[in-house]
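Just below is one structure, and these are the notes that go with it.
The values are calculated or read from the model by the stated rules, or taken from the named source; none is laboratory data. Bear in mind the structure is a predicted one, so any value in this text is a computation, not a measurement. As a convention, Cβ positions derive from the backbone with ideal geometry for all residues, glycine included, and neighbour counts pool all protein chains shown.
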Ligand code: FAD
């Protein structure tokens with residue numbers, strides 16, 4: 001094989017000796033053929049969660065997708081290497097998913113940033129689209145596409161995440177009910193498989209790899225380019241928040257909103273647990289609230305809920321938007337007079353979490369542990385799930401938002417690798433809720449034992465909620481054993497394992513997910 005010839009020299013031997021020695025860590029940069037393997041860094045060893053610290057032996061800073069292909073071709077054809085490889089996007093995982101203990105972390109941000117916008121008519125369907133490199137951040141894609149008045153349709157709440165990172169998971173936000181998750185908004189991908197093959201895939205070309213990679217937790221290949229459809233970017237966004245003191249009315253109104261996608265562009269919601277959660281939710285929402293709820297009533301904690309919805313505004317439609325907002329507010333059953341409305345630029349709306357980030361950074365509360373739990377809960381189980389969740393929390397001590405909002409099953413492609421609740425996969429239910437318990441922990445207040453206690457509680461909640469009476473599934477999942485992963489993927493497990501055998505037979509990729517242990521085979525036999 002031509003590719004292997006590149007590695008037949010002394011450098012290949014040095015690399016193998018280092019990576020198979022007990023000391024593994026590379027101390028100095030190695031120029032391995034054309035590859036630049038660097039000593040490990042703290043950044044490559046950790047992530048946003050700050051719960052796991054797994055130093056790799058080395059960091060690869062690829063200059064081209066071919067560099068990634070060379071490395072994976074070499075590792076998948078060398079019989080005595082145990083080395084695993086993880087693509088690292090922005091490292092905003094929680095449980096070490098982009099880490100590779102003693103292996104190689106590929107810094108996707110070092111690939112040259114390429115964002116090429118194709119406006120109208122260049123494809124048969126006349127769709128506009130953007131081609132973006134796998135390590136590009138969504139904020140970079142947004143800024144580039146907005147230069148020509150366009151933008152992707154489906155988002156995450158936070159934009160400093162990479163294209164490859166969110167497409168390996170799902171990518172959800174308030175637009176998902178209308179346009180589907182980000183993994184349902186991809187036209188084509190360039191992928192380097194675990195065998196080092198460089199493949200361009202789409203729903204009609206190498207489709208098995210295309211769907212494997214979408215929501216595939218980095219298991220099948222490394223995304224080096226994604227083609228994403230674009231729509232007209234609105235000039236502004238009319239953003240509403242309405243408050244509720246009753247969970248059923250809150251979810252009834254959310255479901256009403258997602259039933260009128262022709263009028264509404266974004267629907268989310270969150271639990272208002274305490275004064276702190278009310279105030280921090282206002283960092284990006286520039287309204288003066290008259291809402292002064294009592295959080296303790298008759299000696300008991302009382303929580304509230306906030307529905308968020310937004311409507312895109314284009315200059316010519318201002319009067320229309322006024323009318324729509326009035327019409328919708330008449331249909332909703334929020335607490336009297338507690339509907340608040342602001343108008344912000346599209347960029348500020350989509351980039352709202354970065355304002356919260358700034359505020360948290362200024363208080364030293366961004367780079368702290370984040371024991372997050374994200375669940376997809378079928379509609380039939382949401383009340384039970386929330387009761388169960390709330391029983392486990394102390395509202396006066398909880399820091400961070402708890403998001404709750406509905407999604408629609410028909411916006412998801414069941415060929416993609418992501419695991420959804422069985423009731424959703426089988427079409428038995430049409431609505432599922434995402435519940436994001438996005439907790440921050442101040443390490444000066446909550447030390448190791450306290451953090452472990454939270455993680456233990458989350459584990460218990462996730463386990464219990466996965467049983468049939470609720471039938472939930474973790475999103476951005478973290479599981480402790482292969483058996484748990486098997487249960488997570490449920491009827492999709494066989495296909496998931498077959499795809500692994502096909503595209504990454506030695507289990508080189510994404511060891512941080514803890515799904516498939518590395519295989520060593522003597523290829524000479
Ligand atoms: P990383 O953490 O770097 O990697 C995640 C996984 O993907 C790893 O297994 C890694 O090996 C793999 N991977 C990374 N790049 C590639 C690639 N190019 N090809 C193949 N595999 C790759 N998610 C939502 O859906 N909606 C939200 O609103 C949302 N908000 C968030 C807000 C914050 C503040 C944070 C920290 C996270 C949020 N997330 C949200 C979760 C986020 O989408 C995931 O954690 C995602 O993986 C982060 O992307 P990343 O680039 O940091 O990925």
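Worth a mention:
- Taken over the stretch 232-243, residues that are surrounded by 17 or more Cβ atoms within 10 Å (Cβ to Cβ) and farther than 18 Å from residue 325 by Cα amount to 1.
- With respect to (1) part of a helix (DSSP H, G or I); (2) near the ligand (Cβ under 7 Å from one of its atoms); (3) touching a strand residue (DSSP E or B) at 6+ places or on another chain (Cβ under 6 Å), the lone exception for residue 141 is condition (2).
- When each of 415, 452 is tested for being at pLDDT 95 or above, over 17 Å from the mean Cα position of the chain (by Cα) and not in a loop (DSSP other than H, G, I, E, B), the lone residue that passes is 452.
- Filtered residues of the stretch 64-79 (kept if away from the ligand (no atom under 16 Å from the Cβ) and touching a helix residue (DSSP H, G or I) at 6+ places or on another chain (Cβ under 8 Å)): 70, 73, 74, 77, 78
- If only residues of the stretch 480-525 that are in a loop (DSSP other than H, G, I, E, B) and under 11 Å from residue 217 (Cβ atoms) are counted, the one that is nearest to the ligand (Cβ to nearest atom) is 510.
- Taken residue by residue, the stretch 376-393 has at least one member that is within 17 Å of the chain's Cα centre (by Cα) and either within 14 Å of the ligand (Cβ to nearest atom) or under 15 Å from residue 271 (Cα atoms) (or both).
- The stretch 148-189 - residue that is within 10 Å of the ligand (Cβ to nearest atom) and in a strand (DSSP E or B) and, of those, nearest to the chain's Cα centre (by Cα): 162
Conditions tested, residue by residue: (1) surrounded by fewer than 22 Cβ atoms within 10 Å (Cβ to Cβ); (2) under 19 Å from residue 354 (Cα atoms); (3) modelled with pLDDT of 95 or more.
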site: 94; (1), (2), (3): yes, yes, yes
site: 103; (1), (2), (3): no, no, yes
site: 124; (1), (2), (3): yes, no, no
site: 138; (1), (2), (3): no, yes, yes
site: 154; (1), (2), (3): no, yes, yes
site: 158; (1), (2), (3): yes, yes, yes
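- All conditions in (1) buried (at least 17 other Cβ atoms within 10 Å of the Cβ); (2) assigned to a loop (DSSP other than H, G, I, E, B); (3) at pLDDT 95 or above hold for residue 434, with the sole exception of (2).
- Residues that are touching a residue at least 12 places away in the same chain (Cβ under 8 Å), under 25 Å from residue 247 (Cα atoms), touching a helix residue (DSSP H, G or I) at 6+ places or on another chain (Cβ under 6 Å) and surrounded by 21 or more Cβ atoms within 10 Å (Cβ to Cβ) do not occur anywhere in the stretch 408-415.
- Filtering 45, 20, 76 for residues that are more than 30 Å from residue 373 (Cα to Cα), at pLDDT 70 or above and surrounded by 12 or more Cβ atoms within 10 Å (Cβ to Cβ) leaves a single hit, 76.
- Only one of the listed residues (308, 322, 343, 357) is part of a helix (DSSP H, G or I) and in contact (Cβ under 8 Å) with a residue 12 or more places away in the chain. That residue is 357.
- Residues in the stretch 283-316 that are closer than 28 Å to residue 146 by Cα and surrounded by fewer than 16 Cβ atoms within 10 Å (Cβ to Cβ): 6 in all.
- Selected residue (only one of 99, 82 is away from the ligand (no atom under 16 Å from the Cβ) and over 27 Å from residue 348 (Cβ atoms)): 82
- Among the residues of the stretch 265-284, those identified as assigned to a loop (DSSP other than H, G, I, E, B) and more than 23 Å from the chain's Cα centre (by Cα) are 273, 274, 282.
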